[in-house]
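*Asks:* First, the structure itself, so that you have it in front of you.
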Amino acid sequence: MSEKHTLYQSLISQALALCEGEPDRIAKLANLSALLNLALEDINWVGFYLDDGRELVLGPFQGKPACVRIPRGKGVCGTAAATGLVQRVADVHAFAGHIACDAASNSEIVLPLTDDSGHVWGVLDIDSPILNRFDAEDEAGLAGLVQAVLPLL
């Protein structure tokens, strides 16, 4: 097993423990963003954007102040929300329509959060100052974490 696989398995266990028994979604998302911020290397922002029915609105996060509202279909987060697909971007400056909240960010991964009907109600957004920071193993590990905690959110 790789170090990343071991890391993500540990994060899943910790995330489940943080969410279990807590009824408040915002409290759970706040703890999840803190957990990921502490555990992941070479990131400069991690947090959640939540769909309010019109656009994505900033939720719990760790990092510098961020863009508060993102239209569906705009930027990396809006694209993930509109398509329901993970967006793993090696170089955000090459992503058409990228919304630069922090000029230090160079790569990004965004994972949609869906309900039982497949509706995207939010996204997990992670930025890095390192180009091509997120690989397939990161995507798989983070997708596993999201799938594990979604029923508790």
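Rule-based calculations on the coordinates, nothing more; no lab input. Being a predicted model, the structure only gives us computed values, none of them experimental. Glycine also receives a Cβ, built like all others from the backbone with ideal geometry; neighbour counts cover every protein chain displayed.
*Asks:* With respect to GLU139, determine if the residue is within 12 Å of the chain's Cα centre (by Cα) and surrounded by fewer than 16 Cβ atoms within 10 Å (Cβ to Cβ).
*Replies:* yes
*Asks:* Can you pull out every residue in segment 98-118 that is touching a Ser or Thr at 6+ places or on another chain (Cβ under 8 Å) and either in a loop (DSSP other than H, G, I, E, B) or hydroxyl-bearing (Ser, Thr, Tyr) (or both)?
*Replies:* SER105, ASN106, SER107, listed by residue number.
*Asks:* Scan segment 109-118 and give yes if some residue there is within 23 Å of ASP24 (Cα to Cα), surrounded by 16 or more Cβ atoms within 10 Å (Cβ to Cβ) and in contact (Cβ under 8 Å) with a residue 40 or more places away in the chain, otherwise no.
*Replies:* Yes, the conditions are met somewhere in segment 109-118.
*Asks:* If the Cβ limit is 6 Å and pairs must be 6+ apart or interchain, which residue in segment 23-37 that is in a helix (DSSP H, G or I) pairs with which residue that is acidic (Asp, Glu) and surrounded by fewer than 16 Cβ atoms within 10 Å (Cβ to Cβ)?
*Replies:* LYS28/GLU22
*Asks:* Test ASP91 against the stated conditions and say whether it is surrounded by fewer than 15 Cβ atoms within 10 Å (Cβ to Cβ) and without any contact (Cβ under 8 Å) to a residue 12 or more places away in the chain.
*Replies:* no
*Asks:* Still on this structure: Give segment 38-56 a look and list any residue that's without any contact (Cβ under 8 Å) to a residue 24 or more places away in the chain and either loosely packed, with under 15 Cβ neighbours inside 10 Å or among the small types (Gly, Ala, Ser) (or both), or say none.
*Replies:* Scanning segment 38-56 gives LEU38, GLU41, ASP52, GLY53, ARG54.
*Asks:* Give ILE109, ILE43, ILE26 a once-over and let me know the one that is of a type in the set (A, V, I, L, M) and out of contact with any helix residue (DSSP H, G or I) (no Cβ under 8 Å at 6 or more places or on another chain).
*Replies:* ILE26
*Asks:* Here is a follow-up. Please work out which one of (1) touching a Cys at 6+ places or on another chain (Cβ under 6 Å); (2) surrounded by fewer than 15 Cβ atoms within 10 Å (Cβ to Cβ) is the condition LYS28 fails and give its number.
*Replies:* The failed condition is (2).
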